[in-house]
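Worksheet for the structure shown next.
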Amino acid sequence: MTRAGGTYVGLMSGTSLDGISAAVARFTPAKGDTFDVELLGFHVHEYEHEQRDRLLAAMRDGTAQDYCRLAVDFGGWLADAAVAVLAEAGVARSDVRAIGTHGQTLWHEPGHSTWQLDAPAVIAERTGLSVVSDFRVRDVAAGGQGAPLVPIADVLLFGGGRWRALQNIGGIGNVTVVPPDGTFASVRAFDTGPGVGVLDAVVRKLDPSKRYDHNGEWAQRGHVIQHALTELLAHPYFAAEPPKSTGRELFDAAYVDRFIELCCREGEVRHADIIATATALTARSIADAYRRFIPEPIEEVLVSGGGAKNPVLLRMLTEAVAPLPVLTFDQRYFDGEAKEAVAFALLAHLHLERIPGNVPTATGARGPRVLGMLTPA
């Protein structure tokens, strides 16, 4: 029986709340169970201030009415992103099998429950396309963390025939270690800790006019506050054995307040020093995770996500994991910011083909499961 491929749209709204990443990807069966992928279009539809504020408020509090109204509106934002990226890519809707949407995580309690805000019926109505959504719940029901889910794409799309660590640095950092032969039993994956989520929140706290440290310009002028970094890295999450996942529930606004207070404990410091320390926290927590939990002979690290655009963070990470070579995902494949959206496009394909989408060694689930729920066009 010939394995199917097809063209899909992937939609991703991550912990950093920058906006909706929308990708159009075409998958073609390749060697074994793997696929070749062609990125046909990609765009980040940035949130307006009011949209971001509504999502942040939903993570803290809200009434049933607030959640219902936000879900419908959010579904409209996702549909608009899908329609726009298809138009930019010049791909007809009739050529698309389905949309895979991650939704927006409002609450993630590893091993117990997970909630992604989504409105697949709204997306289906407004686009005329089938939608696959709610990918994490089945893995949680099977005893897993519900995260990370990107490892399936790392194995099936980006193996590369060598021991490779694919490190995403979005709001949260996560790594997938892929073996040369793509054997699922040998895959190791987990959330390393804060990506740019804490860093961005610290920047906004210190200067509300800024959303993030553009090109690491602020951190470049600062010095790492070593006593603070040492204490921060003593957080129990970093020592916890995988499988593990995390999010805003742990690295939240209260964590950011404590972070800044700790940096200032021994006297007045410059804002640039606090930003440099937040940047170092991401780099060092990733490097420490590699030393503690990854015994495999990694030959290279590929970095994707918004953090890959920060040259100071990349420099700190390169120094922290030396002598491992660190490259950006773009140097091997395509725009690394599109990678997670492409992963959820692939998960939609796997759902339609009734192929499991989780990697039990990464999530801790009792076994492989077909992920997601289908809302027909």
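Residues that are over 20 Å from the mean Cα position of the chain (by Cα) and in contact (Cβ under 8 Å) with a residue 12 or more places away in the chain within segment 39-59 comprise L40, R54, listed in sequence order.
Restricting to segment 79-124, give me the number of residues that are under 22 Å from L371 (Cα atoms) and free of Cβ contacts under 8 Å to residues at least 40 places away in the same chain.
Here is the first cut: in segment 79-124, the residues under 22 Å from L371 (Cα atoms) are 79, 82, 96-124.
Next cut, free of Cβ contacts under 8 Å to residues at least 40 places away in the same chain only: 112-116.
Count: 5.
Pick from segment 284-307 the residues that are under 16 Å from the mean Cα position of the chain (by Cα) and on the phi < 0 side of the Ramachandran plot: which of them is surrounded by the fewest Cβ atoms within 10 Å (Cβ to Cβ)? Only one residue tops the list, namely G306. D73 satisfies every condition listed in (1) loosely packed, with under 12 Cβ neighbours inside 10 Å; (2) part of a helix (DSSP H, G or I); (3) of a type outside the set (F, W, Y) except (1). No other residue among V342, V359 is in contact (Cβ under 8 Å) with a residue 60 or more places away in the chain, closer than 21 Å to G19 by Cβ and in contact with a strand residue (DSSP E or B) (Cβ under 8 Å, 6 or more places away or on another chain) apart from V342.
Against the numbered list (1) crowded, with 21+ Cβ neighbours inside 10 Å; (2) under 14 Å from F158 (Cα atoms), H351 comes up short only at (2).
When L129, L166 are screened for being surrounded by fewer than 24 Cβ atoms within 10 Å (Cβ to Cβ) and either in contact with a helix residue (DSSP H, G or I) (Cβ under 8 Å, 6 or more places away or on another chain) or among the polar types (S, T, N, Q) (or both), only L129 passes.
Checked against the criteria, A276 counts as surrounded by 21 or more Cβ atoms within 10 Å (Cβ to Cβ), assigned by TED's automatic domain parsing to the domain that holds R211 and touching a His at 6+ places or on another chain (Cβ under 7 Å).
If you filter segment 185-199 down to residues that are surrounded by fewer than 24 Cβ atoms within 10 Å (Cβ to Cβ) and touching an Asp or Glu at 6+ places or on another chain (Cβ under 9 Å), you find that the one that is nearest to A287 (Cα to Cα) is R188.
The values are calculated or read from the model by the stated rules, or taken from the named source; none is laboratory data. Please read these numbers as outputs of a predicted model, since none were measured by experiment. Every residue, glycine among them, receives a Cβ derived from its backbone with ideal geometry; neighbour counts consider all protein chains shown.
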